[in-house]
Amino acid sequence: MNETKPPSVAVYPGTFDPITNGHVDIIKRALRMFDRVIIVIAVNTQKTPLFSIEERIDMINQCFSNTNDRIGVDTTTGLIVDFAVENGACAIVRGLRAVSDFDYEFQLALMNRKLERRVETVFLMTGFRWIFISSSIIKDAARHGGDISGVVPAHVRNALAEKFSRG
Ligand code: COA
């Protein structure tokens with residue numbers, strides 16, 4: 001039998017406002033499990049992003065400029081499960097930082113499963129170094145002139161500095 005296994009695709013959704021080293025770590029680890037990972041900037045109706053969609057895409061692309069076609073970056077204004085099915089993805093990857101993430105992530109995963117049973121949610125434990133960071137905390141530190149090197153890539157640090165210097 002000459003069966004060729006189709007490539008396994010996962011989507012990694014989030015607001016990415018901006019992408020952090022914690023996200024980069026999750027993406028690199030997801031690439032060990034899936035042939036292709038599509039990073040999807042999705043809408044969380046509770047958030048008002050600092051960066052435009054184009055700025056966020058650009059920052060994500062710069063993180064992986066040396067990497068290959070196994071990473072994609074896209075956006076959706078619809079349901080993440082619909083995006084997953086349309087793009088042939090079998091899984092949604094989410095990072096879990098602390099117990100405090102669990103309730104929300106559990107609800108999200110159950111709702112996504114109810115909406116679309118063909119797509120599984122896969123949780124990766126966020127690397128220890130990134131457990132206490134979030135995009136909001138980093139933005140807050142940057143807004144007040146704090147040193148955020150080490151928690152975001154250099155180009156993201158520069159983008160934040162530029163954003164806040166413009167007031
Ligand atoms: N390292 C560091 N920080 C991390 C992290 C990691 N590994 N993983 C998550 N975070 C942080 C993010 O920076 C973010 O911080 P912030 O709240 O300060 O912005 C926070 O954890 C969680 O954000 P994120 O992972 O980006 O999720 P979100 O809650 O912003 O986005 C969506 C959730 C967009 C994925 C979800 O709303 C969605 O799927 N929307 C589309 C519509 C849909 O399908 N809804 C679900 C069915 S109703």
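The values are calculated or read from the model by the stated rules, or taken from the named source; none is laboratory data. Predicted, not measured: the structure shown is a model, and the values here were computed from it. Counting neighbours? That spans all protein chains shown, and the Cβs are built from the backbone with ideal geometry, glycine included. The area values use the complete protein model at the heavy-atom level, side chains included, leaving out ligands, DNA and RNA. Shrake-Rupley method; radii C 1.70, N 1.55, O 1.52, S 1.80 Å.
The table for this structure:
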read-out: Qualifying positions in region 50-70 - closer than 20 Å to residue 153 by Cβ, more than 14 Å from the chain's Cα centre (by Cα) and part of a loop (DSSP other than H, G, I, E, B); value: 50, 51, 52, 65, 66, 67, 68, 70
read-out: Answer residue from region 71-86, given it is part of a loop (DSSP other than H, G, I, E, B) and either crowded, with 16+ Cβ neighbours inside 10 Å or of a type in the set (A, V, I, L, M) (or both) and is farthest from the ligand (Cβ to nearest atom) among those; value: 76
read-out: Failed item in (1) within 8 Å of the ligand (Cβ to nearest atom); (2) touching a residue at least 12 places away in the same chain (Cβ under 8 Å); (3) of a type in the set (S, T, N, Q), with residue 61 passing the rest; value: (1)
read-out: In region 1-49, the residues that are more than 13 Å from the chain's Cα centre (by Cα) and within 22 Å of residue 134 (Cβ to Cβ); value: 45, 46, 47, 48, 49
read-out: Hits in region 114-141 (condition: surrounded by 13 or more Cβ atoms within 10 Å (Cβ to Cβ) and closer than 15 Å to residue 10 by Cβ); value: 116, 119, 120, 121, 122, 123, 124
read-out: Condition broken by residue 32, with the remaining ones in (1) assigned to a loop (DSSP other than H, G, I, E, B); (2) touching a Phe, Trp or Tyr at 6+ places or on another chain (Cβ under 6 Å); (3) charged (D, E, K, R) satisfied; value: (2)
read-out: Region 95-114 residues that are more than 20 Å from residue 20 (Cα to Cα), paired with ones that are open to solvent by 30 Å² or more (accessible area, probe 1.4 Å) and polar (S, T, N, Q) (beta carbon under 9 Å, 6 or more apart); value: 108/121; 109/121; 110/121; 112/121; 113/121
